[in-house]
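A short write-up of the structure that comes next.
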Amino acid sequence: MTPPVTAAPPTAFHRKRPVKKIGVLGWLHANLFSSLFNTVLTLLVLGLLVWAVPPILDWAFIDAVWHGTTREACETVGGACWPFIFQRFGQIVYGFYDEAARWRVDVVYVFGAVGLAWLMIPSLPRKGWVGAALLTLYPLVSFVLLSGGWFGLPVVSTEKWGGLLLTLVVAAVGIVASLPLGVLLALGRRSTLPVVRILSVVFIEVWRGVPMITVLFMASSMLPLFLPDGLELDKLVRALIAVALFNAAYMAEVIRGGLQALPRGQYEGAAALGFGYWQSTALIVLPQALRTVLPDIVNNMISMFKDTSLVSIIGFFDLLGVIQAGATDVDWTGPNTALTGYLFAGALYWVFCFSMSRYSASLERQLSQGDRR
Amino acid sequence: MSDAIIQLDNVCKWYGDFAVLKNINLTVKRGEKIVIAGPSGSGKSTLVRCINRLEEHDEGDIVVNGTTLTRDVRDIDTVRREVGMVFQQFNLFPHLSILHNCTLAPLWVRKTPKKEAEALAMHYLEEMRIADQAHKHPAQLSGGQQQRAAIARALCMNPKIMLFDEPTSALDPEMIGEVLEVMVDLARKGMTMVCVTHEMGFAREVADRVCFMDAGEIIEEADPETFFTSPKRERTKLFLSQILGH
Ligand SMILES: Nc1ncnc2c1ncn2[C@@H]1O[C@H](COP(=O)(O)OP(=O)(O)OP(=O)(O)O)[C@@H](O)[C@H]1O
Ligand SMILES: [Mg+2]
């Protein structure tokens, strides 16, 4: 008879997890030269950078003109013409907004920046209230301040709005309005009520099937012909409505993707607990669906932000429009003015879009905390 | 009869031309525990899902706690408030903590004050022995813990009836026991229960009656003792030999 096998007593385990040492060389090897193919790629990219980056930096900063007030200052040099930007800075930021009233735009900028910063800094409290104020109170106050006509503020007609101001107004209205509209359209497209479903499908497909430029042209020149007599809508308002509806159609399809990704069990779990349609939509369905498609939503918003430049086609001077107009102005024509302007505009667009992208990445990280096992 | 809390009279249901439920008659008294067994596709899920109107029946009457189920949304709401349901796949809300999963329906459907709802949730999480998991998200729990959280969530609505649709089928063997244990506790406390399950040990221990379904019909209905020792129908014998045989 063999003696019974006894399990070994559990030994105390005191070892710490080993620290992996990599070092600079190790890092280089692991990340840049791990195989022949990667080595070739690394060298190619390095070559490309050496070839392309220094000339651009030279042109933009080293050979550039920094001082002066007229185009003469830029005529002799082959670098960027920064005085153009400095001299036209007011127009770039405010458009043709009355100079005496520009403080109103500043107030709107400051409130917007503070509110957004509040939402983005994780440690600050009461995000819900700030967000709600930003979506309700802030647009109202901005509208009163920017257009004037209330509380003794002189009216500044929207034809004078331009530059960054106009770009931000169009982008903000487009982004903020398209999300709730998109949600409603997406829900409508999945509705069990045939009328609601058909109307949503028709709306989405019509707007998605028409180019943005066509939509803007229609809003600016055709719509007034159809409006009843006596009803006059400001041209900017018409453009804003067009932008909002156009983008809502795109947003709707993105959100529908999120709704479809939700397992049926979630709807059933909610129904079994007694939640009605709107309650389960607001508390259970949308929070999950929107979170799933957050990257796509932000992707859409970034693309919307850049598409605002299309309003220059119907006679508005947005950020890009103002710079383009300035560069073709006889006061500033020169080989490098337009390029400098485009570089500056591109950099500004990039800053805004990149911020959106970073914010969405951090939001995704925060939201996915519950997923970790 | 006043103490019948669920009454199904000649209930029929079709999917297209396929009859899933054929003249189902079933009466459940207050406090009774019914186990429904049967081969896959026999209509067990469909039957329990008709009781809280996750599925609509085509013919016959279903009366739950005095309310006849009709198209009327108010009737459906009334019934769903009184009937809790536990699913095979748990169906917890992954974006909410376990505690919030449990308080959501009391807060929004029953309009219970927040403090009260949280106390209620903690009470049932305690009973399900997962109070220490209250602040985690569902994905951070094991399957057995998730299913017990789902039971707690249903109990937080203070239902008069609990429906279970194969609550242990998605679980690893070592977790089945812990879920069955809390279900036995619940049965002992007098809850009216309708359970679709193949856990025959559970059926023996708590069921007042076992209903055997085949091809959309209840073909045999008996107390567990009779059901397991002397089933009348060949189909039942075959099923029992398959399920108990190994
Ligand atoms: N939505 C549906 N459309 C068409 N047929 C369906 C649908 N749902 C279920 N069925 C069919 O109805 C029958 C009964 O389904 P049910 O889910 O009630 O069976 P079950 O007894 O619960 O089976 P299981 O043990 O596999 O869960 C099955 O044959 C199934 O294929
Ligand atoms: Mg089933």
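Derivation of every value follows stated rules applied to the coordinates shown; laboratory data play no part. Treat the numbers as computed from the prediction; the structure is a model and nothing was measured. Neighbour counts are summed over all protein chains in view; Cβ atoms, including those assigned to glycine, are modelled from backbone coordinates with ideal geometry.
Quick look at the values:
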{"quantity": "Inter-probe distance in nm under a simple model that places probes 7 Å from Cα toward Cβ, at A:PHE13 and A:ALA325", "calculated": "7.1"}
{"quantity": "Order by protection proxy (mean Cβ within 10 Å, highest first), peptides A:290-298, B:55-63", "calculated": "A:290-298, B:55-63"}
{"quantity": "Folded to 0 to 90 degrees: helix B:73-82 orientation relative to chain B principal axis, Cα", "calculated": "80"}
{"quantity": "For chain A, built as a Gaussian network whose Cα springs stay under 10 Å, the top-fluctuating residue of A:TYR138, A:TYR277, A:TYR94", "calculated": "A:TYR277"}
{"quantity": "Ranked by how many other beta carbons lie within 10 Å on average, peptides A:204-216, A:263-275 from highest", "calculated": "A:263-275, A:204-216"}
{"quantity": "Cα-based radius of gyration of the range A:73-199 once divided by 2.2 N^0.38 Å, which approximates compact folds", "calculated": "1.45"}
{"quantity": "Sorted largest first, extent of the range A:164-308 alpha carbons per principal axis (Å)", "calculated": "52, 33, 24"}
{"quantity": "FRET E, pair A:GLN260, A:VAL196, Förster distance 22 Å, beta-carbon r, rounded to 0.05", "calculated": "0.80"}
{"quantity": "For B:138-149, mean number of other protein chain Cβ atoms within 10 Å", "calculated": "1"}
{"quantity": "Segment A:LEU49-A:LEU28, length gained on full extension (0.36 nm per residue, minus Cα span)", "calculated": "5.8 nm"}
{"quantity": "The range A:76-165: trypsin sites (Lys or Arg not before Pro) in DSSP loop, at most 14 other beta carbons within 10 Å", "calculated": "A:ARG126"}
{"quantity": "Residue (of A:THR70, A:LEU116, A:PHE89) at the positive-pole extreme of the range A:67-133, dipole from beta-carbon charges", "calculated": "A:LEU116"}
{"quantity": "Flagged links, alpha-carbon separation over 22 Å, of B:LYS29/B:LYS160; B:LYS33/B:LYS114; B:LYS44/B:LYS237; B:LYS111/B:LYS136; A:LYS20/B:LYS136", "calculated": "B:LYS33/B:LYS114; B:LYS111/B:LYS136; A:LYS20/B:LYS136"}
{"quantity": "Neighbouring partner chain Cβ atoms per residue of A:263-269, average, 10 Å criterion", "calculated": "6"}
{"quantity": "Ascending count of other beta-carbon atoms within 10 Å, so fewest first, for B:SER40, A:SER280, A:SER178, A:SER309", "calculated": "B:SER40, A:SER309, A:SER280, A:SER178"}
{"quantity": "Descending principal axes extents, chain B, alpha-carbon based, whole Å", "calculated": "53, 45, 35"}
{"quantity": "Helical mean residue ellipticity (222 nm; -39500 (n - 2.57) per DSSP H run of 4+; nearest 500) of chain B", "calculated": "-11500 deg cm²/dmol"}
{"quantity": "FRET efficiency for A:PHE37 and A:SER303, using Cβ-Cβ distance with R0 set to 35 Å, rounded to 0.05", "calculated": "0.55"}
{"quantity": "Cβ-Cβ FRET estimate between B:GLN242 and B:SER142, R0 fixed at 45 Å, reported to 0.05", "calculated": "0.95"}
{"quantity": "Cα long-axis angle, helix B:173-188 against chain B (0 to 90 degrees, to the nearest 10)", "calculated": "90"}
{"quantity": "Cα→Cβ-extended label distance, 7 Å offset, between A:LEU339 and A:LEU116, nm", "calculated": "3.0"}
{"quantity": "Inter-chain Cβ neighbour average for residues A:273-284, partner chain, 10 Å", "calculated": "6"}
{"quantity": "Debye, to nearest 20: dipole size of chain A, +1 on Lys, Arg Cβ, -1 on Asp, Glu Cβ", "calculated": "2180"}
{"quantity": "Packing-based order for A:348-358, A:18-28, using average beta carbon neighbours within 10 Å, highest first", "calculated": "A:348-358, A:18-28"}
{"quantity": "Amide H partners (placed H, <5 Å) of A:ASP318, local residues excluded", "calculated": "A:GLY163, A:SER312"}
{"quantity": "Where only C-alpha atoms are counted, convex hull volume of chain A per residue in Å³", "calculated": "304"}
{"quantity": "Max mean-square fluctuation residue, GNM over chain A, Cα-Cα springs under 10 Å, options A:ASN300, A:ASN38, A:ASN247", "calculated": "A:ASN38"}
{"quantity": "Among A:LEU283, A:GLY265, A:THR337 - extreme Cα towards positive end, dipole of the range A:245-373, charges at beta-carbon", "calculated": "A:GLY265"}
{"quantity": "Rounded to 5, percent antiparallel among DSSP beta bridges of the protein assembly as shown", "calculated": "50"}
{"quantity": "Simple spin-label estimate for A:ILE213 and A:LEU184 in nanometres, 7 Å along Cα-Cβ", "calculated": "3.1"}
{"quantity": "Alpha carbon centroid spacing (whole Å) that separates the range A:305-373 from the range B:1-69", "calculated": "61"}
{"quantity": "Check: the range B:130-246 dipole with +1 on Lys, Arg Cβ and -1 on Asp, Glu Cβ, in debye", "calculated": "260"}
{"quantity": "Positive-pole candidate from A:MET212, A:ILE198, B:GLY38, dipole of the protein assembly as shown, charges at beta carbon", "calculated": "B:GLY38"}
